[in-house]
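First comes the structure, then the notes that go with it.
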Amino acid sequence: MADTANLSRLESLQSDLNARRSIFHLAHAAISLLIAVISAGTAARLFYDYELNELPLLGAAVLVALGMFVHGFVRWALGRRALNREVAQFAELRELRATLGLDDPNLLLPR
């Protein structure tokens with residue numbers, strides 16, 4: 001009975017860890033922050049070249065930069081939270097595999 005519960009928990013942990021949501025969030029954060037830095041550089045260059053003569057274009061670049069910075073840091077926080085959860089699940093998976101004897105090399109040897 002305990003083995004079936006452990007096996008079902010093992011399968012659920014493996015399927016949860018297979019998704020790797022942290023990678024998804026952290027990749028989105030990296031791309032968003034890259035776009036934010038490029039947009040902030042564009043806004044700085046527009047301000048340097050035209051000062052406030054091209055205000056709508058400067059405002060659009062600043063808004064895009066701010067939006068992407070906020071989006072990037074929110075995704076980064078979500079990715080860190082998901083990574084912490086995945087690390088805890090992986091530790092539980094290793095303990096469960098040790099309990100079930102799945103990683104015991106003596107059991108893998110031919111008899």
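So here's what we get for this one:
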item	result
Matching entry among Leu78, Leu83 (being closer than 30 Å to Thr99 by Cα, hydrophobic (A, V, I, L, M, F, W, C), out of contact with any strand residue (DSSP E or B) (no Cβ under 6 Å at 6 or more places or on another chain) and in contact (Cβ under 8 Å) with a residue 12 or more places away in the chain)	Leu83
Residue, surrounded by the fewest Cβ atoms within 10 Å (Cβ to Cβ), within the range 41-65, restricted to residues that are in a loop (DSSP other than H, G, I, E, B) and charged (D, E, K, R)	Glu51
Members of the range 16-40 found to be surrounded by fewer than 17 Cβ atoms within 10 Å (Cβ to Cβ), within 17 Å of the chain's Cα centre (by Cα) and of a type outside the set (Asp, Glu), listed by number	Leu17, Asn18, Ala19, Arg20, Arg21, Ile23, Phe24, Ala27, Ala30, Ile31, Leu34
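No value in this document is a laboratory result; all are computed from the given coordinates. Predicted, not measured: the structure shown is a model, and the values here were computed from it. In this analysis, Cβ positions are derived from the backbone assuming ideal geometry, glycine residues included, and neighbour counts consider all displayed protein chains.
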